[in-house]
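Worksheet: one structure, shown below.
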Amino acid sequence: MQRSKNDLWVGLFVLIGAAAILFLALQAANLLNLSFQSTYRVEARFDNIGGLKPKSAVRSAGVVVGRVESIVFDDKTFQARVTLTLENRYKFPKDSSLKILTSGLLGDQYVGIEAGSEDQNLAQGDVVGTTQSAVVLENLIGQFLYSKAADGKSDSAR
């Protein structure tokens, strides 16, 4: 009887440990969001979203204020239409701007909100007009190499 009681406790402990590891793995991979705050949806259009993914963070001043809900390609405007869910406790002016930023040099991408100054706040279903696309590292390197090659040609022409 004592052995079966110990087996039950050990099994329960292992099960709780496995659930905790699964929870931490999902949190670390940004696949689990346990926010019980009410939210509102806004939409934005970007020319290039880089590596932005659904469930990526939406931050303002470094604080997570929401998540990316969905990303869809609009074949009429040839832009990415990004739907964001923002927590109701965070209100942003209608003239706020959105940028796709990278945490660290090669880290995950997220949407950054820069608050505007208008009196009216964003509400459910609004479309944010001012956006800045992701900075693509390959494009920056290509521009740098192209400018260096152009400088080299002008120096050899002298």
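Which percent of the Cα-Cα distances in region 14-110 go past 15 Å?
Percentage above 15 Å: 66.
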* **Value at 222 nm in deg cm²/dmol, rounded to 500, when DSSP H runs of n ≥ 4 in the chain each add -39,500 (n - 2.57)** => -10500 deg cm²/dmol
* Asked: Restricting attention to region 57-158, which GluC sites (Glu not before Pro) occupy a DSSP loop and are surrounded by at most 14 other Cβ atoms within 10 Å?
  -> Glu118
* Give the carbon-plus-sulfur fraction of the accessible surface of region 1-128 in %, rounded to a whole number; probe 1.4 Å, heavy atoms of protein chains only. => 59
* **Projected area, mean over directions - region 68-158, Cα convex hull, nm²** => 9.5
* Can you list the lysines whose alpha carbon sits under 26 Å from that of Lys55, skipping same-chain ones fewer than 8 residues off? -> Lys76, Lys91, Lys94, Lys99
* Longest segment of the chain lacking chymotrypsin sites (Phe, Trp or Tyr not before Pro) that sit in a DSSP loop with at most 12 other Cβ atoms within 10 Å -> 79-158
* Structure fact -> Inter-part gap, Cα centre of region 80-158 to Cα centre of region 53-69, in whole angstrom, is 14
* To do: Treating the angle as unsigned and between 0 and 90°, give the value, to the nearest 10°, between the Cα long axis of helix 2-28 and the longest Cα principal axis of the chain.
  => 10
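How much net charge surrounds Gly116 when only the other residues with a Cβ under 14 Å from the Cβ of Gly116 are counted, with Lys and Arg +1 and Asp and Glu -1? Could the numbers behind the result be given before it?
On the way: positive: Lys91, Lys94, Lys99; negative: Asp95, Glu114, Glu118, Asp119, Asp126.
Value of the local net charge: -2.
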* Structure fact -> Mean-square fluctuation maximum in Gaussian network of the chain, Cα pairs under 10 Å, restricted to Gly125, Gly66, Gly50, hits Gly125
* Under 15 Å from the Cβ of Gln37, count the other residues' Cβ atoms, weight Lys and Arg +1, Asp and Glu -1, and hand me the total. => +2
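Work through the residues other than Ala134 whose Cβ is under 10 Å from its Cβ and net out their charges, Lys, Arg +1 and Asp, Glu -1. Write down the numbers at each step before the final one.
Values: positive: Lys99; negative: Asp47.
Around Ala134, the charge tally is 0.
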* Reachable aspartates and glutamates from Lys148, Cα under 20 Å, same-chain residues fewer than 8 places away excluded? -> Glu138
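The values are calculated or read from the model by the stated rules, or taken from the named source; none is laboratory data. Just so it is clear, the structure is predicted and the values come from calculations on it, not from any experiment. We place every Cβ from the backbone using ideal geometry, glycine too, and count neighbours over all the protein chains shown. All accessible areas refer to the heavy atoms of the entire protein, side chains included, with ligands and DNA or RNA removed. Shrake-Rupley method; radii C 1.70, N 1.55, O 1.52, S 1.80 Å.
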